[in-house]
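Enquirer: Dumping the structure here so I can ask a few things about it.
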């Protein structure tokens, strides 16, 4: 019996333009798109897992570029705030599911993005919010799924997980969680109907 639904945020509950965030960094530090990509690759996991703060990330960028620009503390959130678009079709599904089970968020994110998501009410209707920067792990690390299962006090087979990144879905599935690779609200409805969870 399915007792819990676990949802990713970006690409599932909302969409946004990652390029806007990268372009804010490019403009602030006078960097090429390629260099920003390299730096995100280098520091992204530490940032999302909370091993370094956003302020520390900005300091690392300053050191890398040997510049000292005046940086807004919400630099990483501005692009998200400008381009965020809630997925209303998915929200309708969430409201159906909420009547039948506990629902959780599991997201790789940073503190300033979480502020934006709460302001936009993306977390509304969810019983539990699990954010990577607070947990110390990022998907697809198995430990992050194990943490969620432990906190929810459920077995893997009693949960399903929805994410737009296939590698995250596979990692959950390997633990025994029913995984759904999100592509559209329509396909998600079809997947959930197989479990007799939505009309």
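The values are calculated or read from the model by the stated rules, or taken from the named source; none is laboratory data. Predicted, not measured: the structure shown is a model, and the values here were computed from it. Neighbour counts run over all protein chains shown; Cβ positions are idealised from the backbone, glycine included.
Enquirer: Which one of these is without any contact (Cβ under 8 Å) to a residue 60 or more places away in the chain, in contact with a helix residue (DSSP H, G or I) (Cβ under 9 Å, 6 or more places away or on another chain) and farther than 23 Å from residue 165 by Cβ: 96, 26? If you could, list the steps in order and put the result at the bottom.
Expert: Working: 96 fails: without any contact (Cβ under 8 Å) to a residue 60 or more places away in the chain.
From the options 96, 26, the qualifying one is 26.
Enquirer: Provide a single number: the residues in the range 154-183 that are free of Cβ contacts under 8 Å to residues at least 24 places away in the same chain and either under 19 Å from residue 93 (Cα atoms) or under 17 Å from the mean Cα position of the chain (by Cα) (or both).
Expert: Step one: list which residues in the range 154-183 are free of Cβ contacts under 8 Å to residues at least 24 places away in the same chain, which gives 155-157, 166, 169, 173, 176, 179-181, 183.
Applying the additional criterion that residues be either under 19 Å from residue 93 (Cα atoms) or under 17 Å from the mean Cα position of the chain (by Cα) (or both) yields 166, 169, 179-181, 183.
Total meeting the criteria: 6.
Enquirer: Confirm whether residue 105 is crowded, with 16+ Cβ neighbours inside 10 Å, under 14 Å from the mean Cα position of the chain (by Cα), touching a residue at least 60 places away in the same chain (Cβ under 8 Å) and assigned to a loop (DSSP other than H, G, I, E, B). Give the derivation first.
Expert: On the way: crowded, with 16+ Cβ neighbours inside 10 Å: yes; under 14 Å from the mean Cα position of the chain (by Cα): yes; touching a residue at least 60 places away in the same chain (Cβ under 8 Å): yes; assigned to a loop (DSSP other than H, G, I, E, B): no.
Here the answer is no, as residue 105 does not meet what is asked.
Enquirer: When only residues in the range 56-91 that are within 20 Å of the chain's Cα centre (by Cα) and free of Cβ contacts under 8 Å to residues at least 24 places away in the same chain count, which is surrounded by the most Cβ atoms within 10 Å (Cβ to Cβ)?
Expert: Looking only at the range 56-91, we keep the residues that are within 20 Å of the chain's Cα centre (by Cα), and these are 57, 74-91.
Now narrow it down to the ones that are free of Cβ contacts under 8 Å to residues at least 24 places away in the same chain: 57, 88.
On the way: 57: 20, 88: 9.
Only one residue tops the list, namely 57.
Enquirer: Same structure again: What residue, of 46, 24, 55, is part of a helix (DSSP H, G or I), outside the structural domain of residue 121 (by TED's automatic domain parsing) and at pLDDT 95 or above? Before the answer, list the steps.
Expert: Values: 24 fails: at pLDDT 95 or above; 55 fails: at pLDDT 95 or above.
Exactly one of 46, 24, 55 is part of a helix (DSSP H, G or I), outside the structural domain of residue 121 (by TED's automatic domain parsing) and at pLDDT 95 or above, namely 46.
Here is a yes/no grid of residues against (1) farther than 17 Å from residue 4 by Cα; (2) outside the structural domain of residue 56 (by TED's automatic domain parsing); (3) in contact with a helix residue (DSSP H, G or I) (Cβ under 9 Å, 6 or more places away or on another chain):
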residue	(1), (2), (3)
103	no, yes, yes
115	yes, yes, yes
162	no, yes, yes
166	yes, yes, no
190	yes, yes, no
